[in-house]
Structures are given as C-alpha cells and as structure tokens.
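*Asks:* Got a structure for you, questions after.
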Amino acid sequence: MRSMHRLWARLRNVVSGQRGDRRLREEMDAHLAMQTEENMRAGMAPAEARRRARVKFGAVERVREEYHAEEGLMLLESLLQDIRYAFRGLRKSPGFTVAVVTTLALGIGANVTVFLVLYGVLLKPLPFQSPHQLVRIERSYGGGVTVPAYSGTKALFFQRANRAFSAMAAYDFIPSHANLLQGDGATPISLLRVTSDFFRVFEMQPAIGRGFRAEDMIPGAAEVVVLSDALWKQQFGGDSKIVGKAITLGNRSYTVIGVANRRFALDAKADAWIPLPITESPEDQSNNYNVVARLKPGVSEAAATTDLQRILLELKTTYPNLWDRYEGVRVENLHDSFTGDLRPALRVLMGAVGLLLVIVMANILSLLLTRAVTRRRDLGVRVALGASGWRLLRQLLVENVLVCAAGGMAGVALAEVSAPAILHLSPLELPQFASLHLGVAAMVLATVLTLACTVIFSVVPMLETRRVRLHESLQLNSPRVFSGRHIAQKALVVSEVAVSLVLLVGAALLLTTFWKLIRTPPGFTTKNVLTFKNSFTDQQASTSAALGLRLNELRSRIEAIPGVESAAGASTLPTELVPDLPFDVMGRPSNRRDAKGDEKYISITAGFFRTLGIPVMAGRAFTSGDSHGSAPVVIVNQRFAQTYFKNENPIGQHIVIGKFMGPGFEDPAREIVGVVGNVKQTGLDKPAPGIMYVPAAQIPDMETRLTNGLLGESWVVRTRSDRLDVLDAIERIFMENSHAPLLAVEPMDELINASVAQQRFSMILLCEFGLISLVLGAAGLYGVMSYTVARQTREIGVRMALGARREDVARMVLKDAGVLVGMGLAVGITVSLMGAKIVGNLLFGVKPRDPLTLAGASLVLALTGLFAAWWPARRAARIEPMEALRSE
C-alpha cells in the first residue's frame with residue numbers, strides 16, 4: 001500500500017509538471033509487476049493475478065491518460081501562444097517583414113521558375129510507355145562527332161537485321177511544308193513522313209482510327225494521313241467522323257485514317273503524318289532520315305550498339321558502296337538526343353538562380369542577425385527565468401515558418417506567372433513534349449527550399465543568442481549594442497561578394513560574347529532586305545525546269561513592284577539549316593586529300609548575290625540564262641576555293657556533286673564559273689563554311705521535290721527604303737501565281753538577330769542576376785558595417801578621446817570593409833576560375849578565364865563595396881567622444 005501511495009504522489013507530481021512521463025511509465029510497469037507477484041503468492045493463477053493487478057491500477061492509468069490529454073492541450077496552447085507572439089512581433093516590424101518576404105519570394109520564385117524549365121525539358125520523362133527504352137540511332141566518327149541522320153537503305157537494313165529492338169522506324173529529319181486546302185483558303189501546316197512502325201515504336205497508337213501499316217508504304221499505294229489532335233480540333237472542329245474522309249494537301253488528296261493521341265509530342269511540331277515509301281538501294285547515300293527504335297526488355301544501350309556494329313559489318317558485304325570504314329554507330333537515349341543542345345544554357349541558368357538564392361539567404365540572415373541584437377534583452381531575460389534552448393528555438397521556428405511560408409507561397413505564385421512569360425520571350429526552341437506546369441516536383445522543390453530557409457534562419461540566430469549573458473542583456477537598450485565582433489555576419493558578406501563576383505564574371509563574359517557577335521560581319525548586307533518563305537505544291541515543283549520557270553516569273557513580277565531593287569529565291573537563307581552534299585573534283589587522283597569533300601549546298605536563282613550584297617570575287621554570278629537546258633554550272637565561295645583549290649584557279653574547274661546519292665539524284669559535272677565572298681551560313685559564332693551555289697533550275701528533279709517538301713522556297717527582296725511596304729503586293733503575286741501563302745515574313749535584320757537570340761537571352765538573364773546580386777551584396781555590406789559601427793560606439797569614443805582623428809576612424813571602418821570585400825573577391829575569383837568551363841560552350845571571341853573580365857568585374861564589385869561602406873564610415877567619423885563614453 002505504501003508503494004501505491006508513493007506512486008500516486010509521483011503521479012500528481014508528474015501532472016503538475018515536476019516529473020517526466022517516461023520515468024512515470026517505468027515506475028508504473030514496475031509496480032504492476034510487483035502487484036502481480038503478490039497476487040500469485042496469494043495463490044492466484046497467473047492470468048487472474050495480472051487481471052487483478054490491472055484492475056487495481058486502472059485508476060492510475062486513467063489519470064495517466066488524462067495527463068496525456070492535458071499535456072497535449074497545454075502543448076497546443078503553448079504553440080498558439082508562440083504563433084500569436086510571432087504575429088505581434090512581425091506586425092511591429094512591418095519593414096523587416098516585407099523586406100524578408102519579398103526577398104525570399106524573389107529567390108524561391110526564380111529557382112522554381114528555372115526548375116520548371118529544367119524539369120519540363122531535361123528531367124521529365126517523355127510522354128510514352130517505358131520511355132527509357134526509346135533510343136535514336138546515330139552515325140559516329142572519330143573525335144566524338146555524331147550525325148543523327150541515316151539513309152533509307154541503312155534504316156531498312158538495321159530494321160530487318162537487328163536483334164536488340166522490338167520496333168524501329170524512320171522519319172524525315174525535319175518536317176516538310178504543305179498547304180491544307182479548304183474551299184478557297186490555304187492553311188500552311190507541317191508534315192512528317194514516317195515508316196509503318198512509327199507509332200508502334202512509341203507504343204502510342206492514334207486515339208481515333210489506326211496507324212500506318214506496311215502496305216501503306218508501298219510506292220503507288222493509296223494516299224493516307226494521320227492528323228494531330230491540334231489540327232483535328234482547329235481545322236476540322238473535332239469531327240468524330242473524320243476517319244475515312246478525304247482532305248487536300250497541296251495538289252494531292254489524302255484519306256484520313258486516324259487522329260493521334262493528344263499527348264503525342266516529339267522534339268519538332270508536326271500537324272500531320274503521311275507514309276514514307278523508302279526502298280533499299282546499293283547506291284543510296286542520302287542521309288535524310290531520323291531513325292528511332294525501342295529496345296527489347298532487358299537490352300541495354302551498350303548491347304544495342306554492339307548489335308548494330310555487327311550489322312555494319314554485314315552491310316559491308318551486302319552493300320559495299322555504302323560501307324565507310326570511318327563510320328561507326330551509336331545508340332543514344334531519345335530524350336537526351338532531343339535536349340542535348342539545350343543542356344548547357346539551362347544548366348548555366350539553373351546555376352545562376354541557385355547562386356542568387358545563396359545571396360538572398362545571406363542577406364536575410366544578415367537582417368535576422370541584426371534584428372537579434374534588438375531582442376537580446378528579451379531573450380536574455382527568458383534564459384534567466386529558465387527557458388530552455390529548445391523553447392527559444394521553437395519560438396524562432398514559429399516566426400520563421402510564418403515568414404518563409406509567406407515567401408514560399410509568393411515565390412510559387414511568381415513562378416506560375418513568370419515561367420510562361422519568360423519562355424514566351426525566350427528564344428530557346430523547346431521540344432514539343434516540354435511541360436511547364438506546376439506539378440508535384442516543383443511543389444516539392446518549393447517546400448524543400450522553404451523548410452531549408454526556415455531551419456537556417458532559426459538555427460543561426462539561435463546560436464548567436466546562446467552567447468548572451470544576463471548582466472549584458474539587461475544593460476542593452478534599443479539604440480545601442482555592446483562592442484565585439486560578429487564572425488557569422490562577416491562570413492555572410494564574404495559569401496555574398498564571392499557569389500556576386502561569379503555572377504558578374506559570367507554576365508561580363510556573355511556580354512562580351514554578344515558584343516563581338518553583333519559586330520561580326522555576316523558576309524552580306526542586311527539593311528532594307530525583306531525575307532519570307534513559301535511552299536509550292538508537288539505538281540508545281542514536279543521538275544526543276546518547271547519550278548525554275550515559275551521562280552523566274554515570280555522574281556520578275558516582284559522586281560516590277562515600285563520601290564523594289566532586286567529579288568531572288570533560294571533553298572535556304574543565311575544562318576539557317578543547310579544540307580551537306582558530297583562532291584568529287586574531276587581530274588584528280590582519288591588518293592589526294594582534296595580530290596573530294598562534303599560541303600554546304602544551296603540552290604538559288606539569278607540576283608541572289610546582288611540582293612544580299614555578296615561580292616563576286618572572281619568569275620561571274622548566275623543569270624536568267626543559267627536554265628535547265630544550259631550548261632551545268634556552280635559557284636563556290638572563298639572558303640571552298642581555299643580548301644580545294646589552294647594553289648589553283650578554281651574558275652573553269654569541274655566538280656560532280658552527289659555522285660553516289662542514289663537514283664534520281666544523279667548530277668552532271670559542273671563547271672565552276674564564279675567565286676563569291678564567304679557567308680556566316682551556320683551562325684555568326686561559327687566559321688564560314690565552304691558553300692556550293694547551284695542554279696535552282698539545274699538541280700536534279702528528285703532533289704527539287706525533296707527540297708521543296710522539306711524546306712520550301714526562301715526569298716530575299718531588297719527595297720530602296722526600309723519604310724516601303726511591299727508585302728501586300730508580294731502576297732497578291734504569290735496567291736495569283738501559285739495559290740501559296742507567305743510564311744515566316746521578317747526583315748533580314750531580325751533574322752540575324754534571331755540567330756544570336758540564345759546568347760542575348762542568356763546574357764540578359766545573367767546581367768539581371770548579376771545586378772541584383774551586386775545590389776544585395778552592397779546592401780549586405782552596408783548592413784554589416786552599420787552594425788559594426790553601432791557595436792563599436794564606445795571603442796570609437798575612447799579612440800577619439802585619446803586623440804584619434806575623424807579621418808582615422810573613417811579609415812578604420814573602410815579598412816574593415818576592404819578586408820571583407822578582398823576576401824570575397826579572392827574566393828569569387830577562385831570559384832570563377834574553377835567553373836570557367838561551365839559557360840565555355842556559350843562563349844564566342846572571349847576565353848572563359850579572360851583576365852580583363854575578371855579584373856573588370858572585381859573592380860566594379862570593389863568600388864561598389866567601398867561605396868556601400870562609406871556611409872557607415874562617415875557616420876562613425878561623426879560620433880562625439882563624450883556622448884559615446886556616456887552611453888555605457
């Protein structure tokens with residue numbers, strides 16, 4: 001009974017908060033065992049002895065349960081009290097609250113925005129079944145060079161001889177143009193030719209109707225088409241009975257056999273798909289098709305590559321003319337092959353916003369540490385009255401949860417709005433499968449960032465308060481703080497300066513790149529030149545002779561428009577994609593290195609060089625007399641002449657283009673009749689390639705049909721003034737002559753600007769991040785130096801009382817600031833040098849470790865830092881000695 005009384009007494013102590021619950025539970029279990037033993041010694045069975053003991057202790061258990069309930073209520077009430085206290089504290093400091101929430105919203109919002117792009121493009125799986133099994137087959141050469149295009153013959157050979165793939169398909173390297181005719185209207189659409197297993201590779205059959213079959217690929221088979229979900233809804237109103245109906249594309253009638261799944265999306269947009277009738281040929285060297293495949297379950301990319309290497313050896317026996325001993329094969333994940341060109345820019349962007357978040361957190365931490373000074377008296381009293389470290393940390397956690405949650409939600413809202421806006425302005429050509437909607441991954445990132453900020457913003461100030469002593473905290477008042485050093489805040493300033501320098505260096509490198517790009521001569525004049533495209537029907541482009549006559553007629557009518565100086569057509573415009581074609585120099589032994597090559601190939605009309613201002617360096621330009629029936633001719637540029645006719649006169653020499661490209665591509669020997677200036681055809685940031693210019697009326701008919709289907713026709717029109725509006729007249733000419741609407745109408749200046757748009761976009765973003773980091777870094781330095789001056793008020797007063805001049809005091813403060821800035825610059829320069837390769841792929845005309853850029857960014861940052869420290873130094877120099885000494 002005495003043990004029972006002692007237990008009740010201890011229970012009351014626990015309920016009143018004097019003992020721990022864990023200890024109580026242990027004592028209750030021990031007393032329960034003792035009571036059970038006593039009952040068993042009294043002759044009770046074990047089960048009955050335990051039951052009697054539990055009944056006896058039932059009252060104790062009920063009190064214990066009541067204690068737990070009461071403890072939970074007390075904890076809830078304490079938490080509500082902390083929340084109310086936090087709200088009051090934040091309401092009393094509205095400037096601090098708004099500054100922290102706004103700064104945090106910018107940091108988290110920027111990171112979530114870029115993460116949406118990064119995840120939607122690089123990380124999110126393709127919208128197909130088992131996307132990891134989807135691969136692209138590419139040609140590979142020495143030095144890591146890969147070419148993602150194959151001939152139809154090799155694609156069919158791989159398909160029937162492989163053991164690693166469950167399905168394989170080929171499709172056009174780029175979508176072609178076609179006009180969808182409905183009544184009197186013509187709508188330009190993008191068309192993709194595919195082989196029969198195309199939809200089976202992706203395991204996503206059309207949502208309505210069916211996909212393609214082997215019989216659809218036979219030349220001369222009925223023309224069939226699968227529509228995209230978007231085209232079906234926009235042009236046919238989502239007609240559920242569309243399957244079986246006929247539509248007109250160009251001058252051909254196609255029967256609709258299906259509508260693709262709305263989630264079907266690859267890298268390039270396609271409005272419709274039609275059969276690609278390819279056959280094997282021993283002379284087929286035209287590499288015009290993508291080849292995609294689905295790996296069999298359990299087969300790796302390495303195993304598939306080994307299998308294809310085996311097939312290449314079989315190809316040597318079957319088609320010896322198609323075998324190239326320098327050519328290998330590579331299997332690459334399809335998602336990676338789609339996004340390879342975007343990865344460097346997106347990773348630099350993600351790194352930049354990550355650094356920006358570091359600066360944001362450092363700035364907020366500096367604010368919190370400064371605010372902690374004004375709360376030392378309150379926290380010191382709490383510690384003296386028995387508050388534990390956990391109790392103080394919980395209060396800080398509650399406050400920072402409120403602030404960080406508000407900043408996190410504002411950041412997510414900002415990302416939801418800014419991500420589509422930024423991408424609308426962005427020149428990055430994102431794949432069609434990219435998704436930028438807020439999802440689970442983005443919300444998880446925002447939550448993690450918010451929680452991380454909450455913990456950091458609570459723990460660091462908490463560590464500061466642990467050094468508070470009661471007698472010091474009670475001596476503090478609001479206008480002044482005790483002297484001493486604060487390592488944490490100074491470390492934050494050093495980190496801010498370092499990160500700011502990294503961002504400034506990156507921005508300066510991209511700024512230099514862009515400046516040099518726009519000042520790089522493209523090789524032609526862009527002023528007063530209008531560009532546009534159009535697509536002729538298959539009938540209009542059935543032969544080169546017919547198309548050549550039509551092009552000359554259109555060119556003559558355009559030049560007759562008042563205000564037009566000249567006009568010309570071409571298969572492609574400068575800075576746009578251009579095909580490479582092989583050629584052989586006649587009269588040279590095959591063992592000479594310059595006996596053959598592979599260079600850019602452009603078909604043009606007369607007037608092309610005059611319209612673009614490309615100088616003719618030797619020989620002549622094309623004329624209207626270079627028609628289908630005249631002698632085959634070709635004009636090359638200086639780079640071509642220097643490469644293949646280094647010590648010879650190229651005029652009068654003969655070359656054969658596309659000798660082994662297959663039936664329909666046979667080209668006669670052409671005489672070089674002119675040499676023109678170099679053009680930056682592949683971009684301002686790349687060397688001018690060698691180019692062969694051929695009259696549009698003289699190219700093989702098969703080539704004409706292929707070029708018209710894939711690229712359409714491009715036009716350049718030079719006007720006498722940039723204020724002349726000739727577009728309406730040109731549109732009427734094309735509708736009357738060819739019933740062909742104009743596409744991609746833009747001045748040549750804008751076309752050139754678009755070619756450097758990615759560099760400009762990256763430069764603008766990094767410059768913005770750099771300026772923001774510069775301002776935040778300066779603000780952080782200003783805050784720390786102001787804080788230091790306030791804490792050293794007494795020390796400064798003593799120094800001045802002992803004879804120190806005001807200049808000496810100001811110099812002391814500036815010296816401290818200079819040390820912090822210098823340390824930050826040293827760290828920043830080291831990091832910039834180590835990470836220089838990250839931006840290397842985005843640069844042109846400047847080295848990643850350019851010393852002038854590093855020096856310039858360091859100077860700007862140093863001057864900004866010293867300017868930010870000048871105001872606190874000026875205030876320190878104005879301190880009156882007696883007033884400072886009287887403050888203690």
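*Asks:* Express the carbon and sulfur contribution to the solvent-accessible surface of segment 549-704 as a percent, rounded to the nearest whole number, probe 1.4 angstrom.
*Replies:* Exposed carbon and sulfur together represent 52 percent of the surface.
*Asks:* Please work out the FRET efficiency for the pair K316 and E736, using the Cβ-Cβ distance as r and a Förster radius of 45 Å; give the result to the nearest 0.05. Could the numbers behind the result be given before it?
*Replies:* Working: r = 54 Å, r/R0 = 1.21.
E(calc), rounded to 0.05, equals 0.25.
*Asks:* So if we plug the beta-carbon distance of D184 and A230 into 1/(1 + (r/R0)^6) with R0 = 22 Å, what FRET efficiency do we get, rounded to 0.05? Could the numbers behind the result be given before it?
*Replies:* Values: r = 23 Å, r/R0 = 1.05.
According to the calculation, E is roughly 0.45.
*Asks:* For W871, W715, W515, W323, give the ranking by accessible area with the largest first, probe 1.4 Å. Before the final figure, lay out each step's value.
*Replies:* Details: W871 115, W715 0, W515 140, W323 85 Å².
From most accessible down to least: W515, W871, W323, W715.
*Asks:* Now for a different question. Keeping every protein chain present and rolling a 1.4 Å probe, give me the accessible area per residue for segment 680-720 in Å². Please list the in-between numbers first.
*Replies:* Numbers: 1090 Å² over 41 residues.
That works out to 27 Å² for each residue.
*Asks:* Can you give the extra length, in nm with one decimal, that the chain gains between M702 and S542 once fully stretched, where that is 0.36 nm per residue apart less the Cα-Cα distance?
*Replies:* 56.8 nm is the gain from fully extending M702 to S542.
*Asks:* Moving on. What distance in nm separates the simple spin-label points at R91 and N753, each placed 7 Å from Cα in the Cβ direction?
*Replies:* Between R91 and N753, the simple spin-label model gives 5.2 nm.
*Asks:* Tell me which residues come under 5 Å, amide H to amide H, from A178 once H is placed; ignore anything under 5 positions away on its chain.
*Replies:* Long-range HN contacts for A178: I189, L191.
*Asks:* Can you put Y326, Y254 in order of accessible area, largest first, using a 1.4 Å probe?
*Replies:* My answer, sorted largest first, is Y326, Y254.
*Asks:* Here's another thing I want to ask about it. Going 7 Å from the Cα of A669 along its beta-carbon direction, which residues of segment 623-649 have the amide nitrogen within less than 15 Å of the resulting point?
*Replies:* Residues 631-634 fall inside that zone.
*Asks:* Between R252 and L743, what length in nm is gained on full extension when 0.36 nm per residue of separation is reduced by their alpha carbon distance?
*Replies:* On the way: separation 491, 0.36 × 491 = 176.76 nm, distance 2.06 nm.
Contour length minus Cα-Cα distance gives 174.7 nm.
*Asks:* Sort C767, C453 by heavy-atom solvent-accessible area, probe 1.4 angstrom, most to least. Present the calculation step by step, with values, prior to reporting the outcome.
*Replies:* Values: C767 35, C453 0 Å².
Result, largest first: C767, C453.
*Asks:* How much area per residue is accessible in segment 519-624 when the probe is 1.4 Å and only protein heavy atoms are counted (Å²)?
*Replies:* Numbers: 4540 Å² over 106 residues.
The answer is 43 Å² per residue.
*Asks:* On to the next question. Using r as the Cβ-Cβ distance of V860 and V459, and R0 as 41 Å, what FRET efficiency do you calculate, to the nearest 0.05? Please list the in-between numbers first.
*Replies:* Working: r = 34 Å, r/R0 = 0.83.
Efficiency at R0 = 41 Å is approximately 0.75.
*Asks:* Another one. I'd like the accessible area for H335, computed on protein heavy atoms only with a 1.4 Å probe and all protein chains in place. Round to 10 Å², please.
*Replies:* 20 Å²
*Asks:* Treat each spin label as a single point 7 Å out from the Cα along the C-beta direction, and report the A268 to L438 distance in nm.
*Replies:* Here the answer is 3.6 nm between the modelled labels.
*Asks:* Determine the principal axes of the Cα atoms in segment 494-536, then give the extent along each, sorted from largest to smallest and rounded to whole angstroms.
*Replies:* Result for segment 494-536: principal-axis Cα extents of 62, 25, 14 Å.
*Asks:* Right, something else. When all C-alpha to C-alpha distances in segment 265-348 are sorted into bins of 10 Å, what percent of pairs does each bin hold, rounded to whole numbers?
*Replies:* 12, 34, 37, 16, 2
*Asks:* Follow-up question, since we're still on this one. Is the shape of segment 616-764 rounded, prolate or oblate, going by the alpha carbon gyration tensor and its root eigenvalues a ≥ b ≥ c, with a/c under 1.5 for rounded and a/b larger than b/c for prolate? The partial results should precede the final answer.
*Replies:* On the way: a/c = 1.76, a/b = 1.26, b/c = 1.40.
In terms of gyration-tensor shape, oblate.
*Asks:* Please give the contour-minus-distance gain from T830 to Q129: 0.36 nm per residue of separation, less the Cα-Cα distance, rounded to one decimal in nm. Walk me through the numbers on the way to the answer.
*Replies:* Working: separation 701, 0.36 × 701 = 252.36 nm, distance 4.58 nm.
Once the chain is fully extended between T830 and Q129, it gains 247.8 nm.
*Asks:* Between rounded, prolate and oblate, where does segment 680-752 land on the alpha carbon gyration tensor, with a ≥ b ≥ c its root eigenvalues, rounded for a/c under 1.5, else prolate if a/b exceeds b/c?
*Replies:* Details: a/c = 2.23, a/b = 1.12, b/c = 2.00.
Cα axes put segment 680-752 in the oblate bin.
*Asks:* Now for a separate question. Calculate what fraction, in whole %, of the accessible area of segment 116-189 sits on carbon and sulfur atoms when a 1.4 Å probe is rolled over the protein chains. Display every interim value, and only then the final one.
*Replies:* Working: 1480 of 2730 Å².
Carbon with sulfur: 54 percent of the solvent-accessible area.
*Asks:* Something else now. At q = 0.12, 0.15, 0.16, 0.17 Å⁻¹, what base-10 log of I(q)/I(0) does the Debye formula yield for segment 486-587 when every alpha carbon is treated as an equal point scatterer in vacuo?
*Replies:* Debye output, listed in q order: -0.73, -0.92, -0.98, -1.04.
*Asks:* If I model a spin label as a point 7 Å beyond the Cα along the Cα-Cβ vector, how far apart are those points for A413 and V726 in nm?
*Replies:* For A413 paired with V726, the spin-label model returns 5.3 nm.
The values are calculated or read from the model by the stated rules, or taken from the named source; none is laboratory data. Quick caveat: nothing in here was measured; it's all calculated off a predicted structure. With ideal geometry, Cβ positions are generated from the backbone for all residues, glycine too; neighbour counts draw on all protein chains shown. For the accessible areas, the whole protein counts, side chains as well, though only heavy atoms, and no ligand, DNA or RNA atoms are used. Shrake-Rupley method; radii C 1.70, N 1.55, O 1.52, S 1.80 Å.
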